[in-house]
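In what follows, a structure is listed as structure tokens, so that the remarks can point back to it.
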């Protein structure tokens, strides 16, 4: 699905604490400040200036789902998006 990277600074560090963040900007600022490491998706690469990215092998992936209510109005945009997801899912199964 997506490539994931381990993000670290070039400095050695000892880790004794634990902190979680959901925002990529926060994660990279903490790493740049020398406060840790993180596993981030490939899409976060553009925010990683000053950090070293190491691709993880084997590639990590996860399953996601799409749920909507039946018998509801489907806008043209949502209809197109639903069609795109179905097509992508079929291609992935082949």
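If you filter region 16-42 down to residues that are surrounded by fewer than 11 Cβ atoms within 10 Å (Cβ to Cβ) and within 16 Å of the chain's Cα centre (by Cα), you find that the one that is farthest from residue 88 (Cα to Cα) is 20. Scanning region 31-48 for residues that are touching a residue at least 12 places away in the same chain (Cβ under 8 Å), within 21 Å of residue 19 (Cβ to Cβ) and out of contact with any helix residue (DSSP H, G or I) (no Cβ under 8 Å at 6 or more places or on another chain) gives 31, 32, 34, 35, 39, 41.
Could you list all residues from region 28-42 that are part of a loop (DSSP other than H, G, I, E, B), on the phi < 0 side of the Ramachandran plot and touching a strand residue (DSSP E or B) at 6+ places or on another chain (Cβ under 9 Å)? Walk me through it before giving the result.
Quick first cut of region 28-42, residues part of a loop (DSSP other than H, G, I, E, B) only: 33-37.
Pick out the ones that are also on the phi < 0 side of the Ramachandran plot and you get 33, 35, 37.
Matches in region 28-42: 37 only.
Scanning region 43-83 for residues that are within 24 Å of residue 93 (Cβ to Cβ) and not in a loop (DSSP other than H, G, I, E, B), we see that the one that is nearest to the chain's Cα centre (by Cα) is 43.
FYI, it's all coordinate maths here, none of it is from the lab. Owing to the predicted nature of the structure, the values given are computational and were not obtained by experimental measurement. Don't worry about glycine lacking a Cβ; one is built from the backbone with ideal geometry, like all the others, and counts go over all protein chains shown.
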